[in-house]
Amino acid sequence: MESKVKHVFEEVLQTNKESIFRICSLYAITPVEPEDLFQEVTFQLWKALPSFRKESNINTWVYRITLNVCMRYKTQLEKRNGQTVQLDAIQFQVASPKPDLVKQEKQKALYECIRQLNEADQSIVSLSLDGLSYRDIATITGLTENHVAVKMKRLKKVLLKYITTKLK
């Protein structure tokens, strides 16, 4: 049985790893934290997989766990923010192919704008950026599909305002 769970877990992680990391990057602050947050999400997925009841699509379930872990992390970080010292001088570099610097700067600017939104709106935007339908976003967030559509229309206007101000 353990072997089957391991196989399913590996498939689920392989299918969703880019989306999970994108969400972790949105909620994390420094270059090291997305990797740490990704590991925490992976651990929580592993722990929760045996209790998956197949009442929804497994990818929707993964998004929900990812968002919950990231939101919990953000809350914990805000609570201890005054109790710790961030050492920005220590940088962690992941070896990767030659980066597209223009794309990275645009992504960084977008993430900074998204971070200005409240937590619920951040979740909706990050799920939308991953290409999820309004129906899937509604299932994950607990909102109605119509409410998601209305919020996305408003959020696009807000983000456009933020990003144009940021890129001036």
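The values are calculated or read from the model by the stated rules, or taken from the named source; none is laboratory data. The structure displayed is predicted, hence computed values, not measured ones. Glycine gets a Cβ as well: all are built from the backbone with ideal geometry, and neighbour counts include every protein chain shown. SASA here: full protein model, heavy atoms, side chains in, ligands and nucleic acids out. Shrake-Rupley method; radii C 1.70, N 1.55, O 1.52, S 1.80 Å.
The peptide list 13-24, 43-54, 120-131, put in order of mean Cβ contacts within 10 Å with the highest first, becomes 120-131, 13-24, 43-54. Within the range 110-153, whose backbone N sits under 20 Å from a point 7 Å along Cα→Cβ of Lys79? Only 119-120 pass the distance filter. Taking the Cα centroid of the range 100-130 and of the range 15-60, what is the distance between the two, rounded to the nearest whole Å? Cα centroid of the range 100-130 versus Cα centroid of the range 15-60: 17 Å apart. Here the range 101-141 exposes an accessible surface that is 51 percent carbon and sulfur, computed with a 1.4 Å probe and the other protein chains kept in place. If R0 is 45 Å, the Cβ-Cβ spacing of Lys156 and Val5 corresponds to a FRET efficiency of close to 0.65. The ellipsoid that matches the Cα gyration tensor of the range 4-67 has semi-axes, each √(5λ) in whole angstrom, of 21, 11, 10, with the longest given first.
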